[in-house]
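Values quoted throughout were computed directly from the atomic coordinates according to the rules given, and no laboratory measurement underlies them. Here the structure is a predicted model, which means the values were calculated and not measured. For neighbour counting, all protein chains shown are included, and Cβ atoms are generated from backbone atoms with ideal geometry for every residue, glycine included.
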Amino acid sequence: MKHFFTLVLIAIALRGLCIDAYFNHIVFHTPEGGAYVETHMLFNSSSLTFRNAAEGYQARVELTYIFEKNGAIADFSKNIVKSPFVSDSVSAIVDFLDVQRFPLAANDYKLSIKLRDINNPKDSGTIIQNIRVESPPESAFFSNILYLDTIYPNNGKKSPYSRGEFDMIPRISGYHGPSVKTASIYTELYQSEISLGGSEDFIVTLDIVDPKTDQALTEYRILKRFKGNSAQPIAHKWNIESLSTGNFLVKLEARDRNNVVIASKSSLLQRHSFVPASDSLDDFQINSTFVGKIRSEDSLRNITYCMKYAASIYEENYIEENWDKADTTELRRFIYTFWRERNSVNPAYSWERYEERIAYVEEEFDLGNNRRHACRTDRGRVFLKYGKPDTRVIQSREPNASPYEIWHYYKLPSKSNAKFVFYDRSLVTNDYVLLHSNVPGEQVDYSWYLQLSTPSVLPSGNDEPLSNSGQVIDYNNLNGIQMNSVGSRALEYWNNPR
C-alpha cells in the first residue's frame with residue numbers, strides 16, 4: 001500500500017527526566033483516507049543503567065505511549081525497548097532507537113510519553129506532547145524532509161524502519177556534527193498527477209541554500225526527473241565534508257514543463273564542522289573577543305555545557321557530544337559562533353546576560369563538596385532555560401513534608417501561568433529534583449502532592465491512597481483536596497502563587 005505522509009519533525013529533548021531521550025513524530029496519510037502516526041524515540045545509553053545478561057550488558061526501558069482525544073484513549077502501546085548488548089557496562093555508549101506506528105484519524109491528540117528504566121526503576125517520568133493529524137490537501141504536496149542516518153535494501157524482510165524495498169534509519173534531527181561526512185534525506189511528493197493533469201514529466205530540484213543570502217550552493221544542486229503520479233519517493237545523499245559550519249536549508253521544488261513550481265518544501269540543516277565559515281574570524285581574532293576572557297579549560301567546558309539550555313536541538317546535540325572532549329580551540333569557536341548567531345551586532349552583550357544567569361545558578365543552587373555542577377541540577381536547568389521566576393515559594397521546614405519550592409512564571413513562550421515544583425528527596429543535599437510542571441515537554445506527575453509528604457504520613461494498607469476525609473484521591477484533580485494530616489500548604493501555593 002502506498003502511504004501519503006506529512007512529516008512533523010519536533011525533535012524534543014525530554015527534559016525533567018533522569019533518562020536522556022529525544023522524540024519526534026511523523027504523520028502518514030493513505031489514499032483510503034486513513035492516517036498513521038510514526039514515533040521516533042532515541043535513547044542516550046549513558047543515561048541508562050546496564051545489567052549483565054546472558055549475551056553481555058544491556059539497558060532496558062519501558063516505553064508507554066497513550067494517545068488521548070477529547071479525554072478518551074484513542075490508541076496506546078507499552079513496550080520494553082532493549083539496547084544492543086555490550087561487553088561491559090563502562091563501554092555502554094551506543095545510543096538506540098525505537099520506531100512505532102499508530103493508526104489515527106484526523107484530529108488533535110494529547111500524547112503521554114512514559115519512560116521507566118527497568119534496571120533502575122526510580123529513573124522514570126512522564127512527558128505530555130500535543131499531536132495534530134491533518135487531512136491532506138487536494139493538490140501536489142511534499143512531505144517534510146526526513147534526515148536519515150542509514151538506508152539499505154531490506155531484501156523483503158520488513159521492519160518498523162521499512163519503506164518499500166529499503167530500510168531507513170532516521171536521524172532524530174537535522175544536526176550534522178564534525179564526525180558526519182554525508183547528509184541523507186528522504187521525502188515523498190504526492191498527487192503530482194492532479195497538479196499536472198496526468199502523468200506528464202516534471203523535475204525536482206534539491207538544493208542546499210544559505211539562508212543569509214537565499215542563494216543555493218551550486219556545488220550541491222541535484223535535479224531528478226519523474227512522471228506525474230500519486231506518490232513519488234525521493235531520496236538523496238550529499239557529501240558534506242566541505243560544508244562549513246552554519247545553518248542551511250535543504251530546499252526541494254517540483255516544477256512542471258513550463259518551469260512553474262507545483263510544490264516546494266524546505267528544512268533546516270545545521271552543520272558543525274572543522275571547515276570555517278567564509279565570514280568567520282580566525283582563532284587569534286576569536287581570542288581577542290569576549291571568549292578570550294574565559295581562561296581555564298574547566299570554565300570553558302562548564303560554560304559550553306551550561307549553554308545547552310539556550311541552544312537549539314541541533315546545537316544541544318553538539319554540546320552533548322563535545323563539551324567534555326573537543327579541544328579548547330574548537331569550543332572557543334563554538335561559543336563565539338553560538339552568540340554571534342543570536343546577536344550579530346554585539347554577541348558579547350548576549351553572552352554577558354546569559355553569563356549572569358550562570359553566575360546566579362552557581363551561587364544559588366551550589367551542591368558543595370565538588371559534586372555535580374549547579375547548572376546540571378533541575379533548578380539550574382530551569383533557571384537557565386526560562387530565566388528567573390516571577391514568584392518563588394521556598395518551604396524548607398514545613399511539618400511532615402520534604403523541603404520544596406514552587407516556581408511561577410506569568411508567561412513563557414509555550415505556556416502562560418507556568419509552574420514548577422521541586423523537592424529535596426534527601427532532606428539535606430540542596431539537590432532539589434523537578435517533581436511536576438504544567439509546561440509542555442517538562443516532567444509530569446499528577447501525584448506530586450503526595451510525593452512531597454514524608455514517609456511517616458503517607459497512606460498505607462490500601463490499594464489507592466485516601467485523603468483524610470476517606471475519599472480516593474484523584475491524581476488528575478488535586479485542587480480542593482484537604483490534606484491536613486500531611487500539613488503541607490503546597491496546593492495552596494500551587495493554586496495561588498505568591
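Just how large is the dipole of segment 283-378 about the Cα centre, in debye to the nearest 20, putting +1 at every Lys and Arg Cβ and -1 at every Asp and Glu Cβ? Could you put the intermediate results ahead of the total?
Details: 14 positive and 19 negative charges, 37 e Å.
The dipole of segment 283-378 has a size of about 180 debye.
Could you state the orientation-averaged shadow area of the convex hull built on the Cα atoms of segment 283-378, in nm² to one decimal? Mind showing how you got there, number by number?
On the way: hull surface 24.9 nm².
Quarter of the Cα hull surface area: 6.2 nm².
What nm value, rounded to one decimal, do you get for the distance between ASN495 and THR218 when each label is placed 7 Å out toward the C-beta?
About 6.9 nm, to one decimal.
Rank ASN322, VAL345, TYR305 by how far each Cα sits towards the positive end of the charge dipole of segment 283-378 (+1 on Lys, Arg Cβ; -1 on Asp, Glu Cβ) and give me just the farthest.
VAL345
Placing +1 on the Cβ of each Lys and Arg and -1 on the Cβ of each Asp and Glu in segment 111-209, which of SER192, ALA140, PRO170 has its Cα farthest towards the positive end of the resulting dipole?
Looking along the dipole axis, the top candidate is PRO170.
Which shape class applies to segment 139-242: rounded if a/c is under 1.5, otherwise prolate when a/b exceeds b/c and oblate if not, where a ≥ b ≥ c are the square roots of the Cα gyration tensor eigenvalues?
On the way: a/c = 2.21, a/b = 1.12, b/c = 1.97.
The shape class here is oblate.
Karplus couplings for segment 124-130 from phi (6.51 cos²θ - 1.76 cosθ + 1.60, θ = phi - 60°), rounded to Hz, Gly and Pro as x?
7, x, 10, 10, 10, 10, 9
Suppose the chain between ALA53 and ARG295 were pulled fully straight at 0.36 nm per residue; how much longer would it get relative to their current alpha carbon spacing?
Contour length minus the Cα-Cα distance gives 82.5 nm.
Starting from segment 308-385, pick out the trypsin sites (Lys or Arg not before Pro) whose DSSP state is loop and whose Cβ has at most 14 other Cβ atoms within 10 Å.
Loop-located and lightly packed - LYS325, ARG371, ARG372.
For a quick check: sort ARG271, ARG255 by the number of other beta carbons within 10 angstrom, fewest at the front.
Ranking ARG271, ARG255 by Cβ neighbours within 10 Å, fewest first, gives ARG255, ARG271.
Taking the number of other C-beta atoms within 10 Å as the exposure measure, put TYR36, TYR22 in order starting with the fewest.
The most exposed by this proxy come first: TYR36, TYR22.
5 Å is the cut-off here: which amide hydrogens, built 1.01 Å from N in the peptide plane, fall below it relative to TYR36, excluding neighbours closer than 5 in sequence?
PHE28, HIS29, LEU104
In whole angstrom, how far apart do the alpha carbon centroids of segment 222-238 and segment 385-426 sit?
Between the Cα centres of segment 222-238 and segment 385-426 lies a distance of 51 Å.
Charges at C-beta only: +1 for Lys and Arg, -1 for Asp and Glu. How large is the resulting dipole of segment 58-201 about its Cα centre, in Debye rounded to 20?
With Lys and Arg at +1 and Asp and Glu at -1, about 680 debye.
Using the 10 angstrom Cβ neighbour count as an exposure proxy, how do LYS212, LYS265 rank, fewest first?
Fewest-to-most ranking of LYS212, LYS265: LYS212, LYS265.
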